[in-house]
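S.K.: One structure follows; several queries about it will come next.
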């Protein structure tokens with residue numbers, strides 16, 4: 001009976017989907033030429049990662065959590081990997097590959113592991129297998145078991161020398177502009193992956209094809225496109241959290257608004273400082289205006305939609 005339960009456990013099914021998806025990417029897709037061919041070969045992986053939040057019908061938190069870290073961030077990391085870029089391309093082992101793909105970690109160095117570190121890694125893996133077996137046997141609820149497993153693995157990974165934790169926020173109350181707030185201080189995980197997958201390629205392409213010598217137009221367009229993509233990905237998160245409810249597009253409007261206001265801010269700064277030669281506003285004023293705008297717009301387009309869906313469960 002116990003073995004039958006273990007192999008029919010929703011947690012085992014979910015972990016199997018994840019390991020098959022990442023295993024295919026690391027062991028098979030990696031052998032294909034980098035670029036479009038490798039990306040196309042991983043379409044099934046992207047679909048599998050999109051379905052992960054549905055395994056938590058009773059928890060809006062875990063649907064949102066897995067939608068962000070697995071359906072969005074992990075998929076974008078795999079897109080970079082398809083072109084042999086990003087931290088996944090630096091992973092020397094399958095364990096490192098999965099850790100970086102799932103958690104907010106990046107590879108600190110490419111140094112080869114010593115025999116002692118390999119022995120330590122083996123002991124860690126044995127311990128984690130024992131923990132996993134215990135969780136599956138005693139915790140029959142997938143929400144509790146998955147949450148416990150993620151906490152245990154994440155705490156273990158953070159102690160490994162090859163990984164560096166990516167901070168989620170960096171003192172957002174000190175943001176003197178929208179550009180600083182969204183680019184450097186708020187949600188560093190998504191801003192980093194959006195910069196690598198959307199902003200940098202569009203910025204480089206616009207400079208090359210439009211002969212944008214000073215790069216001003218290219219940067220503004222790349223910035224707006226990155227925020228539009230961010231809005232769409234947030235809509236997908238809300239889609240998962242609301243169990244497939246039709247999008248209202250309020251979240252996309254929010255990020256589109258932030259993008260255009262950021263472009264306007266850049267233009268005003270250029271006129272204010274470079275053209276007119278005036279000094280920049282006092283930090284107290286710029287911080288107040290930045291945070292006031294973000295808080296006001298986020299209340300109407302982010303907070304209110306979240307309140308409307310709070311406590312929803314999926315009837316799956």
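Laboratory data are not the source of any read-out in this text; all were calculated from the coordinates shown. Note that the structure is predicted; figures quoted are calculated from it, not measured. Backbone-built Cβ (ideal geometry, glycine too); neighbour counts: all protein chains shown.
S.K.: I want to make sure I understand the PRE zone here: with the label point 7 angstrom from the Cα of residue 16 toward its beta carbon, which residues in segment 27-66 have backbone N atoms less than 18 Å away?
M.R.: Only 45, 48-56 fall inside the zone, counting backbone N under 18 Å.
S.K.: Separation of segment 51-84 and segment 30-46 by C-alpha centroid, Å?
M.R.: Value for the Cα centre distance between the two parts: 18 Å.
S.K.: In nanometres, what is the gap between the two model label sites at residue 209 and residue 269, each 7 Å from Cα along Cα-to-Cβ?
M.R.: About 2.7 nm, to one decimal.
S.K.: Between residue 47 and residue 245, with labels modelled 7 Å along Cα→Cβ, what's the label distance in nm to one decimal, could you check?
M.R.: Roughly 2.8 nm, to one decimal.
S.K.: State log₁₀ I(q)/I(0) for segment 174-270 at q = 0.10, 0.12, 0.13 Å⁻¹ as given by the Debye formula over alpha-carbon point scatterers of equal weight, solvent excluded.
M.R.: Values returned for q = 0.10, 0.12, 0.13 Å⁻¹ are -0.29, -0.42, -0.48.
S.K.: Once you have the Cα-Cα distance between residue 92 and residue 299, take 0.36 nm times their residue separation minus that, and quote the gain in nm to one decimal.
M.R.: 70.2 nm
S.K.: For 306, 100, 220, 151, what ranking results if the residue with the fewest other Cβ atoms within 10 Å of its Cβ goes first? Write out the running numbers ahead of the final one.
M.R.: Working: 306 13, 100 25, 220 20, 151 10.
By the 10 Å Cβ count, ascending: 151, 306, 220, 100.
S.K.: Here's another thing I want to ask about it. Could you give the length gained on full extension between residue 200 and residue 27, defined as 0.36 nm per residue of separation minus the Cα-Cα distance, in nm?
M.R.: Roughly 59.5 nm would be gained on extension.
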